[in-house]
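Quick notes on the structure that follows.
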Amino acid sequence: MGSYRPAWAPDVVDLEVPSAARMYDYYLGGSHNFAADRQLAEAALKAWPDTPYMCRANRAFLRRAVTFLAESGVDQFLDLGSGIPTAGNVHEIVQAVRPEARTLYVDCDAVAAAHGKALLRDEPNAAYVQADLRDPDAVLASPEVKDLLDFSRPVAVMMLMTLHFVPDADDPIGIVTAYREAVAPGSYFVFTHGTNEYRPANTGGITKVYENASHGIVPRDRAQIQALAAGWDLLEPGLTDVILWRPDPAELEDDPLGGDVARYSTFAGVGRSG
């Protein structure tokens with residue numbers, strides 16, 4: 001495996017350790033990944049060939065949910081585990097509806113953070129923080145969060161394709177609860193999560209692959225995922241398959257997997273705090 005370090009790669013990044021964030025970038029056709037990321041991503045694709053479609057469906061859900069919230073008056077977004085910047089970022093979507101909206105991105109991956117900060121250098125209403133979402137106290141205490149977001153007003157807390165990288169030992173319910181308790185009433189929780197409910201054999205295969213990545217995968221069933229959203233009132237249609245959360249008719253008609261929710265194996269939801 002080559003050790004060539006691209007000019008854009010921070011010196012602190014270990015080129016030989018596959019990153020879940022950079023593998024996601026590879027699935028989406030991005031270029032900010034290394035040989036180790038691509039090698040493990042190809043193994044994941046053998047275990048679950050539909051992975052790129054799952055990632056695109058996740059991005060489509062993000063667009064629908066964020067647009068809905070912006071049109072509903074939300075103008076603050078905290079995107080946890082946001083990954084490497086790609087087309088259709090949260091701040092771009094919300095500012096098309098509410099130009100004054102503010103977005104704070106958080107990810108522990110150094111490559112994601114480096115590119116996020118570069119992308120947002122001239123963007124006054126958005127910022128990127130390199131931090132681990134599993135440490136809510138550290139995230140919420142960061143200067144960027146304090147400077148950009150007003151927690152006396154509603155905030156949309158986003159965790160898309162991130163909670164299945166948080167093992168039970170790290171108390172994912174407690175993590176979500178900590179963010180809910182930090183934001184004002186009327187805030188929102190936007191999330192997606194991979195599930196083992198439809199195809200446990202395939203899920204087991206990709207879980208095995210990710211044992212060699214920076215973060216392992218913990219797929220959960222519907223009841224376990226529902227429990228992660230405790231304290232949030234889920235909006236209609238509740239916890240549902242990612243392609244079925246308020247879909248655009250054209251998306252369903254042109255669905256590349258024929259609307260087969262088992263091939264996506266991802267649940268999605270949007271909740272509101274009381």
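The values are calculated or read from the model by the stated rules, or taken from the named source; none is laboratory data. Fair warning: this is a prediction, and the values are worked out from it, not measured in the lab. Here the Cβ positions follow ideal geometry from the backbone for every residue, glycine too, while neighbour counts run over all protein chains shown.
Key figures
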item	result
Residues being under 30 Å from GLN39 (Cβ atoms) and surrounded by 17 or more Cβ atoms within 10 Å (Cβ to Cβ) - total across region 199-224	14
Set ALA36, ALA112: member being small (Gly, Ala, Ser) and more than 28 Å from ASP171 (Cβ to Cβ)	ALA36
PHE189 being within 15 Å of the chain's Cα centre (by Cα), in contact (Cβ under 8 Å) with a residue 24 or more places away in the chain, within 22 Å of ALA101 (Cα to Cα) and buried (at least 18 other Cβ atoms within 10 Å of the Cβ)	yes
Residue within region 208-218 that is in a helix (DSSP H, G or I) and within 18 Å of the chain's Cα centre (by Cα) present	yes
Among the candidates ASP248, ASP221, residue that is charged (D, E, K, R), over 23 Å from SER187 (Cα atoms) and touching an Asp or Glu at 6+ places or on another chain (Cβ under 7 Å)	ASP221
Selection status of ARG263, in a helix (DSSP H, G or I), touching a residue at least 60 places away in the same chain (Cβ under 8 Å), in contact with a Leu (Cβ under 9 Å, 6 or more places away or on another chain) and surrounded by 14 or more Cβ atoms within 10 Å (Cβ to Cβ)	yes
Tally of residues being surrounded by fewer than 17 Cβ atoms within 10 Å (Cβ to Cβ), farther than 8 Å from PRO18 by Cβ and either modelled with pLDDT of 95 or more or in contact with a helix residue (DSSP H, G or I) (Cβ under 7 Å, 6 or more places away or on another chain) (or both) across region 29-42	2
Hey, ALA101 farther than 19 Å from LEU163 by Cα, out of contact with any Asp or Glu (no Cβ under 9 Å at 6 or more places or on another chain) and either surrounded by fewer than 24 Cβ atoms within 10 Å (Cβ to Cβ) or free of Cβ contacts under 8 Å to residues at least 60 places away in the same chain (or both) or not	no
Single residue of LEU252, LEU234, LEU239 found to be under 21 Å from THR203 (Cβ atoms) and of a type outside the set (Phe, Trp, Tyr)	LEU239
Residue that is buried (at least 18 other Cβ atoms within 10 Å of the Cβ) and at pLDDT 95 or above, where the choices are ALA169, ALA126, ALA138	ALA126
Matching entry among GLU197, GLU123, GLU100 (being out of contact with any Gly (no Cβ under 9 Å at 6 or more places or on another chain), within 21 Å of ARG56 (Cα to Cα), in a loop (DSSP other than H, G, I, E, B) and among the charged types (D, E, K, R))	GLU197
Subset of region 63-83 (residues that are surrounded by fewer than 20 Cβ atoms within 10 Å (Cβ to Cβ), touching a strand residue (DSSP E or B) at 6+ places or on another chain (Cβ under 9 Å) and not in a loop (DSSP other than H, G, I, E, B))	PHE68
ALA47, sole failed condition from (1) modelled with pLDDT of 95 or more; (2) more than 24 Å from GLN130 (Cα to Cα)	(1)
